[in-house]
Amino acid sequence: VVGYGAGWGEREPEPGGPWRWMLNGDSKLTAFAAKDYRRARLQFTITSFNVPRKFDLALDGKRIHRMIVPSDKAVKVDIPISLSKGAHEMQIITDPGPVEVDSVLHNGDLRALAVRIQVPRIVVPGEQ
């Protein structure tokens, strides 16, 4: 099971499934494994607000993925991971960090946004 941890906005429904915006420069996803999973995959769809961003993902303090997230389209991400039984923390850092929406769109939206992720999930081969 994987879910949003600290640093995420409210759920925003959209065709294809709900999204959440990353609201600060250091947001978390949390995962819980009921047993050891040597060959699991973390999957989600991601896009960046306004400009492409470097995206780093660490699992329990160790970087496991780095990419450039485009701002003009959503991309599917599929990352191989290994989880031991128990709770895990995934830290996300972007560069540049969040920017205030109003400073770009001049619409009164004072949220600072970086990337948005559509419902992350962990897939285990043979257990779908």
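Every number here is computed from the coordinates shown, using simple stated rules; none is lab data. These numbers were taken from a predicted model, which means no experiment stands behind them. Neighbour counts run over all protein chains shown; Cβ positions are idealised from the backbone, glycine included.
Counting only residues that are among the polar types (S, T, N, Q) and not in a strand (DSSP E or B), how many does segment 74-87 have?
1
Among (1) surrounded by 12 or more Cβ atoms within 10 Å (Cβ to Cβ); (2) under 16 Å from Gln43 (Cα atoms), where does Pro125 come up short?
Looking at each condition in turn, Pro125 falls short on (1).
Determine if segment 90-99 includes at least one residue that is in contact with a helix residue (DSSP H, G or I) (Cβ under 9 Å, 6 or more places away or on another chain), under 23 Å from Pro13 (Cβ atoms), not aromatic (Phe, Trp, Tyr) and not in a strand (DSSP E or B).
no
Looking only at segment 45-78, count how many residues are on the phi > 0 side of the Ramachandran plot and within 11 Å of the chain's Cα centre (by Cα).
Residues meeting the conditions: 0.
Which is more than 22 Å from Val1 (Cβ to Cβ), in contact with a Phe, Trp or Tyr (Cβ under 8 Å, 6 or more places away or on another chain) and not in a strand (DSSP E or B), of Ser71, Ser103?
Criteria check complete, one pass: Ser71.
Give segment 106-120 a look and list any residue that's outside any strand (DSSP E or B) and crowded, with 20+ Cβ neighbours inside 10 Å, or say none.
Answer for segment 106-120, where residues must be outside any strand (DSSP E or B) and crowded, with 20+ Cβ neighbours inside 10 Å: just Ala114.
When segment 90-127 is examined, which residues are found to be closer than 18 Å to His65 by Cα and over 12 Å from the mean Cα position of the chain (by Cα)?
Listed by number, the residues that qualify are Asp95, Pro96, Gly97, Ile122, Val123.
Look at segment 22-36 and say how many of its residues are in a strand (DSSP E or B) and either touching an Asp or Glu at 6+ places or on another chain (Cβ under 7 Å) or surrounded by fewer than 19 Cβ atoms within 10 Å (Cβ to Cβ) (or both).
3
Can you name the residue in segment 41-61 that is assigned to a strand (DSSP E or B) and among the polar types (S, T, N, Q) and is also farthest from Gly25 (Cα to Cα) among such residues?
So, considering only residues that are assigned to a strand (DSSP E or B) and among the polar types (S, T, N, Q), the one farthest from Gly25 (Cα to Cα) is Gln43.
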